[in-house]
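These notes are about the structure you will find just below.
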Amino acid sequence: MKYSGEQGVPTALLREISLLRDLVHPQIIRMRDIALGTQEIALFFEYLDQDLRNYLDACVRHGLVLGVDLLKSYMYQLLLGVSYCHSHSILHRDLKPHNLLIDGRGRLKIADFGLARVSSIPNITFTDEVVTLWYRAPEILLGSHQYSTPVDVWAIGCIFAEMATCHALFVPSRNNQVDQLLTIFRVLGTPDESVWDGISDLPHYNRDFPVWPMQPLAVANLDESGLQLIQQFLAYRPSERISCLDAMGHPYFSDFDVRVLDTLASNEGVD
């Protein structure tokens with residue numbers, strides 16, 4: 001990456017370097033080296049074959065979907081990695097398939113911490129420079145600048161649906177925040193104070209929003225427990241969203257053999 005000698009290394013890059021040095025986990029991409037020049041910096045990471053976005057696109061091209069076992073493995077690994085971040089008071093804030101790296105062994109690792117933030121500072125206020133639009137939580141779309149781990153959980157719910165169907169869940173017809181919000185309302189229903197207390201106090205709330213009836217989410221290729229879990233990821237009220245740690249104990253994963261992940265971890269050094 002090139003940068004101006006006068007302005008120095010971009011803040012987002014320095015933040016990512018700092019976080020990646022501190023976050024050491026099998027589901028988080030490892031930074032192996034840094035090379036710094038006068039106007040250029042290079043980061044060297046462990047190698048994985050591709051990102052999840054490319055893999056899902058390939059599935060669509062060939063008329064395929066993820067098998068149940070692989071879907072559960074990817075989801076569990078994603079939850080492990082994000083739970084680790086949250087336990088260290090780190091919000092990723094840009095979870096999406098493009099930032100999830102995978103390989104032929106079945107490993108999944110979280111990458112791109114350029115928008116990540118420490119969430120443990122009391123009363124911290126964040127900017128809305130966060131999360132690609134399709135995966136952005138409704139509280140951010142409605143203008144809240146004080147938020148926490150539930151924004152990552154919402155993104156995980158979107159990714160879960162996308163892995164199950166190979167298609168993004170909330171795709172607006174126009175690339176703006178209002179249309180993104182209305183797309184969510186159209187799929188899940190338009191929330192009011194009875195569903196989400198305090199929603200009318202958020203800066204971008206509009207009492208004239210179109211009203212769609214609240215309805216359970218239907219996602220192809222998910223069984224009843226999977227549908228229950230995704231509803232808990234995508235709860236409108238942030239405080240009602242399931243934590244990553246609790247999600248790993250959800251009945252959806254009752255038949256998932258976590259020993260598979262031990263095998264993957266034991267082969268970490270084999271490239």
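Summary table below
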{"quantity": "Pairs, first buried (at least 18 other Cβ atoms within 10 Å of the Cβ) and in a helix (DSSP H, G or I) in segment 171-190, second of a type in the set (Lys, Arg) and at pLDDT 95 or above, C-beta under 8 Å, six or more apart", "calculated": "180/136"}
{"quantity": "Single residue of 241, 207 found to be over 16 Å from residue 79 (Cα atoms) and either surrounded by fewer than 20 Cβ atoms within 10 Å (Cβ to Cβ) or in contact with a Pro (Cβ under 9 Å, 6 or more places away or on another chain) (or both)", "calculated": "207"}
{"quantity": "Of residues in segment 21-71 being among the β-branched types (Val, Ile, Thr) and loosely packed, with under 12 Cβ neighbours inside 10 Å, the one nearest to residue 98 (Cα to Cα)", "calculated": "24"}
{"quantity": "Filter pass, residue 236 being modelled with pLDDT under 95, surrounded by 21 or more Cβ atoms within 10 Å (Cβ to Cβ) and farther than 24 Å from residue 65 by Cβ", "calculated": "no"}
{"quantity": "Pick from segment 131-162, criterion free of Cβ contacts under 8 Å to residues at least 60 places away in the same chain and either under 17 Å from residue 182 (Cβ atoms) or aromatic (Phe, Trp, Tyr) (or both), ranking: surrounded by the most Cβ atoms within 10 Å (Cβ to Cβ)", "calculated": "135"}
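Residues checked against (1) touching a Leu at 6+ places or on another chain (Cβ under 8 Å); (2) within 19 Å of residue 150 (Cβ to Cβ); (3) outside any loop (DSSP other than H, G, I, E, B); (4) acidic (Asp, Glu):
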{"position": "195", "(1), (2), (3), (4)": "no, yes, no, no"}
{"position": "206", "(1), (2), (3), (4)": "no, no, no, no"}
{"position": "213", "(1), (2), (3), (4)": "no, no, no, no"}
{"position": "219", "(1), (2), (3), (4)": "yes, no, no, no"}
{"position": "225", "(1), (2), (3), (4)": "no, no, yes, no"}
{"position": "232", "(1), (2), (3), (4)": "no, yes, yes, no"}
{"position": "242", "(1), (2), (3), (4)": "yes, yes, no, no"}
{"position": "257", "(1), (2), (3), (4)": "no, no, no, yes"}
{"position": "261", "(1), (2), (3), (4)": "yes, no, yes, no"}
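The values are calculated or read from the model by the stated rules, or taken from the named source; none is laboratory data. All values derive from a computational prediction rather than experimental measurement. Because the Cβ atoms are built from the backbone with ideal geometry, glycine has one as well, and the counts that use them run over all protein chains shown.
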